[in-house]
Amino acid sequence: MRVHVTYAGGTIGMVESERGLVPGADMRTWLSEVAALAGLEGSSIGFSQIDPPIDSSNAGPDQWRALVDDLVRHRDEADGFVVLHGTDTMAYASSAASFALASFSKPVVFTGSQLPARCAGSDAYSNTVGALTAVFSGRATGVSLFFGRHLFRGCRVTKRSTWDFEGFESPCAAPLACAGAPWEWSAASESACGWPDPLAYRRCDIAVVDLVPGVSTARIESAVTPLPEAVLVRAYGIGNAPCDEPGFPELFEGLAARGVPIVVCSQCAQASVALGRYEAGTAFPPDGSVGARDMTFEAAYAKTAFLLSQGLRGRDLMAWMGRSIAGELSA
Ligand code: ASN
């Protein structure tokens, strides 16, 4: 079994500077020390680094594309991949990679850490060994994310804590595995249709509207001006919104009439968006909006960017929001 490790940035490879933590550690050397400590020195572990390694707060579709390109470039050199990534936007990146690599047919496991690798008591070693173990097990498939003690499907995760070593959760899907002696693997698998020969991510204009009690239609209108390529709404509960607010339903009808797809997510981590269950859910036009069902917000955002990058628009894009490309939705 040959594994390739790609280092993209994040706290795991950061060092102290006058401006706070910045990427700068020699991760190639650190990785060879990890391999030796974990008794993996006989294994084939390749290494590459995305240049420059970044704080994942600076990531976007350009960085997702660079990461996907790096994995594709090393495809024939390895049987599985580990990506060392910053945790802040790792759930977006692992979702984005899930769609772009839905037909890659080799396992890719993301991980990162809450503390720098060279810091005493860091979780970097155990997370990296966990991700390597998942790949070496031969049981990981698709894009996944290992953190703390759990392996999750990469398009079902969200960062839940800034400090807990169990920093990620998968609110709507059981973990793929729990590390232990031995590891417990779950039998569950989501159906997915894949996506052969995807076009590269490009920077898309997606407006995100986060509802709060008392928000005015004018405030929301400013978020969708100029007209975006798609709108993602973080609505209440199962997809509700202030339908009594003057102009609110008309604003969304106007967006739909101009062909802007409206994707309705929930502010609840554990959600199953079903529009129209309440009168307040009718604030979105039925033929111009789609509920994100039980997708995480990160997966819904990355999927919208993916579908726009594939050239999909309007109704076609909304139809794909309801189909599982990489296991991002429950059946
Ligand atoms: N700011 C860091 C990052 O996302 C946080 C981390 O990796 N723990 O790159």
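Points to keep in mind about this one:
- Amide H within-cut-off set for V264, under 5 Å, with H built and near neighbours excluded: V233, V290, G291, A292
- Cα point-scatterer Debye curve for the stretch 271-331, base-10 log of I(q)/I(0) at q = 0.28 Å⁻¹: -1.28
- Entry note, the chain: relative contact order of 15 percent, from Cα contacts under 8 Å with a spacing of 6+ residues.
- Under 5 Å from the amide H of G46 lie the amide H atoms of V3, H4, V5, each residue being 5 or more positions distant or on a separate chain, with H modelled from the backbone and absent for Pro and chain starts.
- Under the Debye formula (equal points on every Cα, no solvent term), log10 I(q)/I(0) of the chain at q = 0.08, 0.09, 0.12, 0.15 Å⁻¹: -0.38, -0.47, -0.81, -1.17
- Residues whose placed amide H lies under 5 Å from that of V15, excluding near-sequence neighbours: V22, G24, A25
- With the convex hull drawn over the C-alpha atoms of the stretch 113-169, the volume per residue is 72 Å³.
- Whether the stretch 205-298 is rounded, prolate or oblate, judged on the alpha carbon gyration tensor where a/c under 1.5 counts as rounded: rounded
- Computed from backbone phi with θ = phi - 60° and the Karplus coefficients 6.51, -1.76 and 1.60, the 3J(HN,Hα) list for the stretch 86-97 is x, 7, 4, 10, 5, 5, 5, 5, 5, 5, 4, 5 Hz; x is used for glycine and proline.
- Other residues lying with their Cβ under 12 Å from the Cβ of A299 contribute a combined charge of 0, Lys and Arg counting +1, Asp and Glu -1.
- Calculated P(r) of the stretch 156-198 - Cα pairs past 14 Å, %: 65 percent
- Projected-area average for the stretch 106-262 over all orientations - Cα convex hull basis, square nanometres: 13.2 nm²
- For the stretch 1-147, diffusion coefficient by Stokes-Einstein and Kirkwood Rh (Cα), 4 °C, 1.567 mPa s, µm²/s: 87 µm²/s
- In the chain, the DSSP beta bridges split such that about 30 percent are antiparallel, to the nearest 5.
- At an R0 of 41 angstrom, the distance between the Cβ atoms of S330 and S43 translates into a FRET efficiency of 0.70.
- Computed across the stretch 48-108, the Kirkwood radius stands at 11.9 Å (inverse of mean 1/r, all Cα pairs).
- 222 nm mean residue ellipticity, helices alone, for the chain (DSSP H n ≥ 4; -39,500 (n - 2.57); rounded to 500): -8000 deg cm²/dmol
Any read-out appearing in this document is the output of simple, stated calculations on the displayed coordinates, not a laboratory observation. This is a predicted model, so every value here is computed, not measured. Quick reminder, even Gly has a Cβ in these numbers, built from the backbone with ideal geometry, and neighbours come from all protein chains shown.
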